[in-house]
């Protein structure tokens, strides 16, 4: 059991980055506004995105290199796509997750500060803790918090099940095609269970874990780690949708308009099904797992960005990391966005999640190019089933990206 837990890492880091805006905000809101009607979409988009992440962990575990190296080998166009994708995540994604985490702090501790102010403080503290760039430190913090929170969510979901359809309420909402429905669906699936850029992160984490651990991290173990984290993220998303449907669907509650108000509504779901006595336990767990998401993003994104710049400047993947420098750049950019470029809580979160669609098809394609390159032994070439799965996924992501662009320009 101990060895199994020790080998877990990148998969749970991925889960921490995923359990946040997509789960706590959009999965809960999907249940609250549409009942169980969107659970199929949550599962479908998660299944469609899986090949991109599978290719990432296969490439990293088989070559001992991150996908940044693979993109550099493919060519400059691939690196440009990767840079554009990370330009969104390094500032917007981190700001979005930090803002939701700040909402929890404000709600639980009744802080007299705004969401952006608390979010900036959280990013500063997180950055100071991570400044020396030790992957093992981030992993130890994150995976324990994610597993504890997961158990609490599963217990709360089981207790919420009897509330489904109670009081004569329906289980499924009316799905009438409209612009607002399309906007919500696109925003939710943009980060469900997380953006494709997460595949780049897990390839970097796999490499870092192998470099910092005395354990032999073999290909099969790395794949099992990914699958465990992936299934966990899908299960947790479904749990939040069920709780939203059980407690909030067809009630008089109004969708929160601020980070603090949303956090209070979220915590009320748990206390409704578990009991008021559980408030402090649930509150601490929710803060912990959301903060672990901030840790995961502020650990991964500067690492990846540093390597992108290294490859584009000719330094290569074996050069000493400039993690601390890019961590500082990330903090400065997040601070600027939170102070000057953020509109309403809902609008900002919707834009942050939707933006991931623009680069998703390209990243999925380049991950396929990486795992089918000459660097990977022919013995490990993906099966026909997995390749067919990838091309179906690529077509679906391209369609979603086109829908996002059309929605934005019309």
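Computed from the coordinates by the stated procedures, all read-outs in this text should not be read as laboratory data. Only a predicted model underlies this, so the values are computations on that prediction, with no experimental measurement involved. Every residue, glycine among them, receives a Cβ derived from its backbone with ideal geometry; neighbour counts consider all protein chains shown.
For residue 271 and residue 124, the FRET efficiency from 1/(1 + (r/R0)^6), where r spans their Cβ atoms and R0 equals 41 Å, is about 0.85.
Using a cutoff of 8 angstrom between alpha carbon atoms and counting only pairs six or more residues apart, the relative contact order for segment 88-212 works out to 22 percent. Working ranking of peptides 328-334, 69-75 by packing, defined as the average number of other Cβ atoms within 10 Å per residue, highest first, is 69-75, 328-334. Highest mean packing first, where packing is the average number of other Cβ atoms within 10 Å per residue, the peptides 187-194, 105-112, 170-177 line up as 187-194, 105-112, 170-177.
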